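This report concerns only the one structure given below.
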Amino acid sequence: MTDQPEHKSPTELLDLKRSMDDTWTGKRPVDKATYPYFNPPYKHPFTHIGTDKQLLLDNFILAEFDAVERVIVRPQKTKLLIQYTDLPWERYHWTCVAAAALHDPDDGLFKLWYKTLVSGNTNFADGTRVVLCYAESEDAIHWTKPLSSDCQPFENETKTNIVATDFDNGTLVLNPDRSDPNKKFLAIYNPGAEAFKRGNRVMSRVAASPDGIHWQVISDSTSFRHHHQMRVIWDESQQKWLGYSQHSHAWSHNHLRTIGLQESEDFIKWSPKKVILSSEWDPNLGPNIELHTMSIRKEGGLYIGIVDEAHGEHQWLHTPAESNQHDQFHTKAALYVSRDSTNFVRADGYQPWSDNGAPGSQDYGYCCHSVAGNLLHNGQMIIPYSAFPHKQRDTRPASTADHVPTSSARTSREHIEALTNHGIGNPMMDQVRPNIPLQRGIGGLVLREDGWAKLKPSYEQGRVYTTQFVFEGDTLKINADCNYGFIRVEILDSKFEPYTGFSAQNCDPVHSPKGQIWHTVTWQGKTDVHALWNRPVRLCFHLLESSLYGFQFFYT
């Protein structure tokens, strides 16, 4: 033990990549002591977690379960966060797809931006007019649409919540670099109408804003286009922006929705998109399933992806290029994880992580388009998503749309006519229908803070062993539900013997009232663990009628 802990590199992934690249290109010699493995250059050759939060959604930090099982937690759904309110710019085509949602540290407000159409049709670029609207909240559940003359006018309305026009398939972020106050927020999007004027299929434009309301274009068109609901995060460990969006082959012979990744160091110059996730690669998914979009959040070294699955139905659109594409489907959400931002595996088995509701419910057609990150308030995470009561259906006139097989297309039209005459009404998506009670909206998926997965005893009590690791910090906290039972923690050496003073018998039982999320672990009333700096430690959690969601070392 030394007076100071060895510090974890905040750019560990980037450091490892450079080490690999330099070795492969001959710039540095092969480390014969570790090759073919590439390890971070720490003095103590163990996994270094620093003060990173450790969630239990994958096995990265876990070594063994003793009478314990992992449960993937399904989210609850809130009432609509954003809904139709009969504003003039909502009456044509109420799409309300969330572009981004975040907490502003400067004024303490939760802020949400969403797009909607105000004219035209999404299938015809020359007629499409998409605007970006703004909403805010103090608790991430109850939202208002503040109308202001600082926003963009609409027809005769001078006060709106429209903050940008001609904004489609994009997102915005809070810039971690606060050196320029005019670039507090950054946005990347497709100005579809402008692209059409220039004879382009799409464009990728970048804008900046000091307040999320007033925007200035800082890059007219990036080199490589993005597509379909771009979701972006800043990755400190790689020192780059990661942008995830649909990698669609819609304009080629093989129309299959897949997930693509683009990277950028400056938010303006983006790499070509590469496919990182496809249903074709997973034989456990049905052949009618395509991957529509994905949003990402990062906790510690864990990338958590919410992937929207499009479940195609037996009807295709036949294109002039003699290709077919599924254009009638419903979407539901699955949960994926990664440790390198590129290679994702499914975390929740093959049941939906967040399923559609029953016919007539708010998200019967779409449980889709979640935002990057999540909103945290009073121990809850809220993730806005598109909650649409109707499925994706082609809205083009029969004269311009060729649906096959003919029998399925005819059956679908008869189905729509029957619903129009005897059911909820016409479920086509071409306009807002005031006589139908359910309109598109933005709902919220809700979990307890960091409550993606929990470890619980198979029956009453069990133990969880972590791998060996090195840490920073002087206090250990656990995210646990222990209002009925309790948890004890011991810290073990390489022989599975507890370090002096840190046995399970020394540990004060962790038990607290319902609703508390994080709990400080003490041993005979003491919290200080700095005596174990720079030593390989292994935690053993003793669970009695309790559940464990994660842990983290802190400096007090």
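The values are calculated or read from the model by the stated rules, or taken from the named source; none is laboratory data. The model shown is predicted, which means the values in this text are computed figures rather than measured ones. Every residue, glycine among them, receives a Cβ derived from its backbone with ideal geometry; neighbour counts consider all protein chains shown.
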Query raised in the report: Has region 222-241 got any residue that is of a type in the set (S, T, N, Q) and within 17 Å of the chain's Cα centre (by Cα)?
Result: yes
Requested in this report: Please tell me if Val345 is touching a Phe, Trp or Tyr at 6+ places or on another chain (Cβ under 8 Å), surrounded by fewer than 18 Cβ atoms within 10 Å (Cβ to Cβ) and hydrophobic (A, V, I, L, M, F, W, C).
Outcome: yes
Query raised in the report: Got at least one residue in region 78-87 being part of a strand (DSSP E or B), surrounded by 14 or more Cβ atoms within 10 Å (Cβ to Cβ) and touching a residue at least 24 places away in the same chain (Cβ under 8 Å)?
Result: yes
Query - Pairs with Cβ under 6 Å, 6+ apart, first in region 216-239 and in the same structural domain as Thr165 (by TED's automatic domain parsing) and in contact (Cβ under 8 Å) with a residue 40 or more places away in the chain, second of a type in the set (Gly, Ala, Ser) and surrounded by fewer than 17 Cβ atoms within 10 Å (Cβ to Cβ) - result: none
Query raised in the report: Are there any pairs, at least 6 apart or on different chains, whose C-beta atoms fall under 6 Å, with the first in region 132-145 and within 19 Å of Ala187 (Cβ to Cβ) and the second surrounded by fewer than 17 Cβ atoms within 10 Å (Cβ to Cβ) and hydrophobic (A, V, I, L, M, F, W, C), and if so, which?
Result: Glu136/Leu109
Query raised in the report: Of everything in region 348-363 that's of a type in the set (Ser, Thr, Tyr) and assigned to a loop (DSSP other than H, G, I, E, B), which residue is surrounded by the fewest Cβ atoms within 10 Å (Cβ to Cβ)?
Result: Tyr350
**Report entry** Matching option when the condition is in contact with a helix residue (DSSP H, G or I) (Cβ under 8 Å, 6 or more places away or on another chain) and assigned by TED's automatic domain parsing to the domain that holds Leu102, among Ile276, Ile289
**Finding:** Ile289
Query raised in the report: Quick one: how many residues across region 103-118 are farther than 18 Å from Thr160 by Cα and in contact with a Lys or Arg (Cβ under 6 Å, 6 or more places away or on another chain)?
Result: 1
Requested in this report: Working carefully through the options Ser221, Ser237, find the one that is assigned to a loop (DSSP other than H, G, I, E, B) and surrounded by fewer than 18 Cβ atoms within 10 Å (Cβ to Cβ).
Outcome: Ser221
Report summary line: Over region 6-55, the set of residues touching a Ser or Thr at 6+ places or on another chain (Cβ under 6 Å), among the acidic types (Asp, Glu) and surrounded by fewer than 17 Cβ atoms within 10 Å (Cβ to Cβ) is Asp15
Query raised in the report: Among the residues of region 48-61, is any assigned to a strand (DSSP E or B), of a type in the set (D, E, K, R) and within 29 Å of Lys456 (Cβ to Cβ)?
Result: no
Requested in this report: Would you check which residues across region 511-556 are in a strand (DSSP E or B), among the polar types (S, T, N, Q) and in contact (Cβ under 8 Å) with a residue 60 or more places away in the chain and list them?
Outcome: Ser547, Gln552
Report summary line: Of the residues in region 162-174, those that are free of Cβ contacts under 8 Å to residues at least 40 places away in the same chain and touching a strand residue (DSSP E or B) at 6+ places or on another chain (Cβ under 6 Å) come to Thr165
Query raised in the report: Within the bounds of region 246-253, is there any residue that is buried (at least 22 other Cβ atoms within 10 Å of the Cβ), of a type outside the set (S, T, N, Q) and not in a loop (DSSP other than H, G, I, E, B)?
Result: yes
Requested in this report: Take the residues in region 405-425 that are free of Cβ contacts under 8 Å to residues at least 40 places away in the same chain and β-branched (Val, Ile, Thr), then tell me which one is farthest from Leu317 (Cα to Cα).
Outcome: Thr420
Query raised in the report: For region 368-391, how many residues are touching a Gly at 6+ places or on another chain (Cβ under 8 Å) and either under 20 Å from Ser295 (Cα atoms) or surrounded by 24 or more Cβ atoms within 10 Å (Cβ to Cβ) (or both)?
Result: 8
Report task. Hey, can you tell me all the residues within region 291-345 that are basic (Lys, Arg) and within 13 Å of the chain's Cα centre (by Cα)? Result -> Arg297, Lys298
Query raised in the report: List pairs: first in region 257-281 and over 16 Å from Arg231 (Cβ atoms) and outside any loop (DSSP other than H, G, I, E, B), second modelled with pLDDT under 95 and basic (Lys, Arg), Cβ under 9 Å, 6+ apart or cross-chain?
Result: Ser279/Arg257
**Report entry** Residue list for region 181-201, filter: touching a Pro at 6+ places or on another chain (Cβ under 9 Å) and of a type outside the set (D, E, K, R)
**Finding:** Pro181, Asn182, Phe185
